[in-house]
Amino acid sequence: MVDDRTWLEEHSAESLRRLLPRIEARYRDSIDPVEWESYASRLRRHFPPLFACLYGLYGARYDFFYHLEGVLACATEMWLARPAELKALDALRESDPLWYTSNRLVGATCYVDRFAGDIKGLRDRIPYLAELGVTYLHLMPLFKSPKGDDDGGYAVSSYREIDPLMGTMEQLAELATELRHHGISLVLDFVFNHTSDEHEWAKRALAGDKEHQAYYRMFPDRQMPDAYERTMPEVFTEDHPGAFTYQPRIKRWVWTTFHTYQWDLNYENPEVFNRMLGEMLFLANQGVEVLRLDAVAFIWKKLGTNCQNLPEAHQIIQAFNSILSIAAPAVVFKSEAIVHPDEVQKYIGLHECPLSYNPQLMALLWEALATRDVRVLQTAMRHGFALPDGCAWVNYVRCHDDIGWAFSDDDVRTVGFDPVEHRRFLNRFYTGRSPDSFARGAPFQEDPRTGEGRVSGACASLAGVEMALAEEDEAELDLAVRKVLLIHGVVILIGGIPLIYLGDEIATLNDYDYDLDPETAGDSRWMHRPTFDWERAELRRDGSTVPGRVYQGLMRILQLRGQNLTFARSETEIGETGNPHVFGFLRSGGESVVFVLANFSERTQKLEARRLRQMGMRKTMVDLHAGRVITATQELEIEPYQLMVLTRVG
Ligand code: GLC
């Protein structure tokens, strides 16, 4: 890392002075002078930080300047190939760069095949998404990938080809356009830590091609793998021990952090950076508006470290982000860092990832449901919710992955729990191994040596709907539905983009058949990734059914957020409710203030009215959620698992 700023500024300016005319000359014939001027001005603006990152990563190489020119050539070529409608979107977004922080944004996520069969089927389902108010649609990877095991598409064999069962790249681009015309932004993964072992580069590497072997991290014997493994935790413990897989054909140990067929790319090689840049901009040019950066924590490796969250990983993302701002400025990054909360925060910034999953909130909502105690949640959100200006969380209760207990040990200790014991308790609770649990979940990647593990399960099953239905217990069922709505209520109202895993809005339950299908057996995450049940979705209009109760309850909260200006780009402050079972936060924007209260216990709770007044409320308030006026002179009562959205009258 070079920290001499003046030196960097001078050399960045000089490099651009040399490079820009060369690039201009190279593409002269295809350049429109007016468009070029706006492109060149973005290039001038974003080149200094780009140069600083690339110099830090690759500046010590004799051929640095060659690669730098390659980066600019690739960016320019891809910008020239960018469709006119997307260039218009680029211009539009420049006038509203923080578009993704609007309370108009409602996210949903799904597997195309499981939700709608294929891309064509998905187009037919746009009315369903529109009815729900979805404006941000994350499709799980649908690229060409190995038959059979492909980690749900996260083993990509080509970034430019779609799995033929789902359609073609042309269809995907058309879908992106159609979604946009319905006000929905398409979100796709950029799976950039690894490719599948069937990617063209991996195939060439396997055939002995040295150039492509250098795209990955390979070792002739166990010496280096052993040395790395000494300080690295395992990620997919059930799949293979350690992080390496032996390839007998080339007699090499290949770095495979996740599954044996997912080969980690070697970003120490600038060629890899440049090639992946091309793939990223190709996706941007298909009409993707948000790129979810998969597995960001793992992209750089260094001996003697845990090989996660290294400074170079940030530099790579920042460099990609600068290029995006030059060649496809309408697109923003969202980081997928499911790591310690302090590390999650480090990926978030306008210069890196303006959007990020909020895995801590997700985990702590489940933690609070299990313990009926919101103190860890409250402590963690107090110091961990605020983000830099212009950045936003993507808040969720469930996604396609497992629930990992990615919260900070210190926060757990503050409340007096032992972190190791607490995680064990949560695992037992959510995998149905504790007698007083309402949850039906399954363990994921459990390590019998340490007893550590994560949890799989659909939202409704984890919240108690499945058990209550099995036991035909109406009262429990009512509480379970309230729990589903309570945690969704928090993610919808707390600030940021709420992300619904499609199926959760109709209280879809666990799918136990995943273990019968050889392609999904053994990976319990498939339990909460069932085929979308369209018959169940029909019940959404019938308020006497469970799907109907959940759907209509969710719609109510979503509409409340969409229609109330307090939720538009307002601040969030975590409140002190004075009751360990009630979580509270304040949303304020301009003149208006809303105080959201969430009771995480099955008992009615009381709040001192003076606490509410401390938070700016008055004696008489309106609960926007229930649609009624409340007067709290001494105390406020809040029902089991009730969500209240209080505002002042008048
Ligand atoms: C991310 C994905 C997960 C996948 C892993 C490897 O964490 O969300 O599903 O297994 O990356 O690509």
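Quick check on my filter: what residues within the range 78-101 are surrounded by 15 or more Cβ atoms within 10 Å (Cβ to Cβ) and out of contact with any Gly (no Cβ under 8 Å at 6 or more places or on another chain)? Please lay out each step first, then the result.
Looking only at the range 78-101, we keep the residues that are surrounded by 15 or more Cβ atoms within 10 Å (Cβ to Cβ), and these are 78-80, 82, 86-87, 89-90, 93, 97-101.
Matches in the range 78-101: TRP79, LEU80, ARG82, LYS87, LEU89, ASP90, ARG93, TRP99, TYR100.
Restricting to the range 147-164, name every residue that is of a type outside the set (Lys, Arg), out of contact with any Leu (no Cβ under 9 Å at 6 or more places or on another chain) and away from the ligand (no atom under 13 Å from the Cβ).
GLY148, SER157, SER158, GLU161, PRO164
Hey, any hits in the range 373-384 for a residue that's buried (at least 21 other Cβ atoms within 10 Å of the Cβ), modelled with pLDDT of 95 or more and within 16 Å of the ligand (Cβ to nearest atom)?
Checked against the condition, which is being buried (at least 21 other Cβ atoms within 10 Å of the Cβ), modelled with pLDDT of 95 or more and within 16 Å of the ligand (Cβ to nearest atom), the range 373-384 yields no hits at all.
Cβ-Cβ below 6 Å, separation at least six or inter-chain, first residue in the range 513-526 and touching a residue at least 40 places away in the same chain (Cβ under 8 Å) and away from the ligand (no atom under 13 Å from the Cβ), second in a loop (DSSP other than H, G, I, E, B) and not aromatic (Phe, Trp, Tyr): which pairs?
That search, which allows pairs on different chains as well, returns GLU519/GLY148.
In the range 185-202, is there at least one residue being among the aliphatic types (A, V, I, L, M), away from the ligand (no atom under 16 Å from the Cβ) and assigned to a loop (DSSP other than H, G, I, E, B)? Working first, answer last.
The initial filter retains those residues of the range 185-202 that are among the aliphatic types (A, V, I, L, M), namely 186-188, 191, 202.
From the residues that got through so far, the ones that are away from the ligand (no atom under 16 Å from the Cβ) too are 186.
Those still in the list that are assigned to a loop (DSSP other than H, G, I, E, B) too: none.
Among the residues of the range 185-202, not one is among the aliphatic types (A, V, I, L, M), away from the ligand (no atom under 16 Å from the Cβ) and assigned to a loop (DSSP other than H, G, I, E, B), which makes the answer no.
Across the range 582-595, what is the number of residues that are closer than 20 Å to LEU369 by Cβ and surrounded by fewer than 24 Cβ atoms within 10 Å (Cβ to Cβ)? Working first, answer last.
Keep residues of the range 582-595 that are closer than 20 Å to LEU369 by Cβ, which gives 582-585.
Those left that are additionally surrounded by fewer than 24 Cβ atoms within 10 Å (Cβ to Cβ): 582, 585.
The total comes to 2.
Determine which member of the set LEU122, LEU175 is at pLDDT 95 or above, under 23 Å from GLU538 (Cα atoms) and surrounded by 22 or more Cβ atoms within 10 Å (Cβ to Cβ).
Details: LEU175 fails: under 23 Å from GLU538 (Cα atoms).
Unique residue meeting the criteria: LEU122.
Can you name the number of the only condition in (1) out of contact with any helix residue (DSSP H, G or I) (no Cβ under 7 Å at 6 or more places or on another chain); (2) more than 16 Å from LEU365 (Cβ to Cβ); (3) modelled with pLDDT of 95 or more that GLU446 fails?
The number of the failed condition is (3).
Please go through the range 15-62 and give me each residue that is over 15 Å from CYS74 (Cα atoms) and of a type in the set (Gly, Ala, Ser), ordered by number.
Result: SER15, SER38, SER41, ALA52, GLY56, GLY59, ALA60.
GLY107 fails exactly one of the following numbered conditions: (1) touching a helix residue (DSSP H, G or I) at 6+ places or on another chain (Cβ under 9 Å); (2) closer than 30 Å to ILE184 by Cβ; (3) surrounded by 18 or more Cβ atoms within 10 Å (Cβ to Cβ); (4) modelled with pLDDT of 95 or more. What is the number of that condition?
Unmet condition: (1).
Within the range 207-314, considering only strands (runs of 3 or more DSSP E) that don't extend past its boundaries, which have at least 1 residues that are of a type in the set (D, E, K, R), within 16 Å of the ligand (Cβ to nearest atom) and surrounded by 19 or more Cβ atoms within 10 Å (Cβ to Cβ)?
Working: elements: 244-247, 252-255, 262-264, 290-293.
Fully inside the range 207-314 and qualifying: 262-264, 290-293.
Condition test on GLY562, is it surrounded by fewer than 19 Cβ atoms within 10 Å (Cβ to Cβ), at positive phi and not β-branched (Val, Ile, Thr)?
On the way: surrounded by fewer than 19 Cβ atoms within 10 Å (Cβ to Cβ): yes; at positive phi: no; not β-branched (Val, Ile, Thr): yes.
Criteria not met by GLY562.
Name the residue that is nearest to the ligand (Cβ to nearest atom), counting only residues in the range 330-360 that are surrounded by 24 or more Cβ atoms within 10 Å (Cβ to Cβ) and of a type in the set (Val, Ile, Thr).
Step by step, filter the range 330-360, then rank; the result is VAL344.
Among the residues of the range 131-139, is any under 30 Å from ALA214 (Cα atoms), out of contact with any helix residue (DSSP H, G or I) (no Cβ under 6 Å at 6 or more places or on another chain) and within 16 Å of the ligand (Cβ to nearest atom)? Break it down stepwise before answering.
The first filter runs over the range 131-139 and keeps only residues under 30 Å from ALA214 (Cα atoms), leaving none.
No: zero hits.
Out of (1) in contact with a Pro (Cβ under 9 Å, 6 or more places away or on another chain); (2) away from the ligand (no atom under 16 Å from the Cβ); (3) part of a loop (DSSP other than H, G, I, E, B), the odd one out for ALA173 is which?
The one condition ALA173 does not meet is (3).
Are any residues in the range 385-398 touching a strand residue (DSSP E or B) at 6+ places or on another chain (Cβ under 9 Å) and either surrounded by fewer than 21 Cβ atoms within 10 Å (Cβ to Cβ) or of a type in the set (Lys, Arg) (or both), and if so, which ones? Can you show your working first?
Keep residues of the range 385-398 that are touching a strand residue (DSSP E or B) at 6+ places or on another chain (Cβ under 9 Å), which gives 385-388, 391-398.
Within the range 385-398, PHE385, ALA386, LEU387, PRO388, ARG398 qualify.
Looking only at helices (runs of 4 or more DSSP H) that fall completely inside the range 4-81, which ones have 2 or more residues that are free of Cβ contacts under 8 Å to residues at least 24 places away in the same chain?
Once the helices (runs of 4 or more DSSP H) in the range 4-81 are filtered for at least 2 residues that are free of Cβ contacts under 8 Å to residues at least 24 places away in the same chain, what remains is 5-26, 33-58.
It is to be established whether one or more residues within the range 458-473 are out of contact with any Leu (no Cβ under 9 Å at 6 or more places or on another chain), crowded, with 23+ Cβ neighbours inside 10 Å and on the phi < 0 side of the Ramachandran plot.
Looking through the range 458-473, at least one residue is out of contact with any Leu (no Cβ under 9 Å at 6 or more places or on another chain), crowded, with 23+ Cβ neighbours inside 10 Å and on the phi < 0 side of the Ramachandran plot.
Scan (1) among the β-branched types (Val, Ile, Thr); (2) in a loop (DSSP other than H, G, I, E, B); (3) closer than 21 Å to CYS391 by Cα for the single condition THR577 breaks and write down its number.
Only one criterion in (1) among the β-branched types (Val, Ile, Thr); (2) in a loop (DSSP other than H, G, I, E, B); (3) closer than 21 Å to CYS391 by Cα is unmet by THR577, namely (3).
The values are calculated or read from the model by the stated rules, or taken from the named source; none is laboratory data. All figures in this text were calculated on a predicted structure; none of them were measured in a lab. Heads up, the Cβs are rebuilt from the backbone with ideal geometry, glycines too, and the neighbour counts pull from every protein chain shown.
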